[in-house]
């Protein structure tokens, strides 16, 4: 009588990790996410380690979580993992006001973003 279970969106040779409410705009986060898309997991970790972007540290944590999920939950080989997808989406926007001249106020928007990283194991012919 309950709901029918949804099929898993990811395949057997994939693992996923998400971070919600990252305190940065989606456009800035997408610049860092596009830096690692399609790369080997080890190479992507190195790129994030030496990136000058502030949000790169949080993206690195999510990628490390996806790699750990692949190893521990799905039994995948860590050396053959690559970043299949790095998806960025908008989350909430905090709205603040700053006092301005002549009794007016200006709106300040503080956006948050969501990040989802899917790592996949390379097949034998790709490796």
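The values are calculated or read from the model by the stated rules, or taken from the named source; none is laboratory data. The structure presented is a predicted model; accordingly, all values stated were derived computationally and were not measured. So basically every Cβ, Gly included, is an ideal-geometry build from the backbone, and we count neighbours across all protein chains shown.
Of the residues making up the range 50-58, at least one is surrounded by 15 or more Cβ atoms within 10 Å (Cβ to Cβ), over 15 Å from residue 116 (Cα atoms), at pLDDT 95 or above and in contact with a helix residue (DSSP H, G or I) (Cβ under 6 Å, 6 or more places away or on another chain). Pairing residues of the range 27-39 that are on the phi > 0 side of the Ramachandran plot and in contact (Cβ under 8 Å) with a residue 60 or more places away in the chain with residues that are surrounded by fewer than 17 Cβ atoms within 10 Å (Cβ to Cβ) and in a helix (DSSP H, G or I), at Cβ distances under 9 Å and at least 6 apart in sequence or on separate chains, gives no pairs at all.
So that you can scan it fast, the table gives a plain yes or no per residue for (1) in contact (Cβ under 8 Å) with a residue 40 or more places away in the chain; (2) surrounded by fewer than 17 Cβ atoms within 10 Å (Cβ to Cβ); (3) in contact with a helix residue (DSSP H, G or I) (Cβ under 7 Å, 6 or more places away or on another chain); (4) in a helix (DSSP H, G or I):
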| position | (1), (2), (3), (4) |
| --- | --- |
| 16 | yes, no, yes, no |
| 90 | yes, yes, yes, no |
| 102 | no, yes, no, yes |
| 117 | yes, no, yes, no |
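Scanning for something more than 25 Å from residue 11 (Cα to Cα), within 13 Å of the chain's Cα centre (by Cα) and either assigned to a strand (DSSP E or B) or touching a residue at least 12 places away in the same chain (Cβ under 8 Å) (or both), does the range 65-72 turn up at least one residue? Checking the range 65-72: not a single residue is more than 25 Å from residue 11 (Cα to Cα), within 13 Å of the chain's Cα centre (by Cα) and either assigned to a strand (DSSP E or B) or touching a residue at least 12 places away in the same chain (Cβ under 8 Å) (or both).
Of everything in the range 7-23 that is in contact with a strand residue (DSSP E or B) (Cβ under 8 Å, 6 or more places away or on another chain) and over 15 Å from residue 87 (Cβ atoms), the residue that is modelled with the lowest pLDDT is 11.
Can you spot a residue in the range 40-56 that is outside any helix (DSSP H, G or I) and closer than 22 Å to residue 14 by Cβ? Yes: the range 40-56 contains one or more residues that are outside any helix (DSSP H, G or I) and closer than 22 Å to residue 14 by Cβ.
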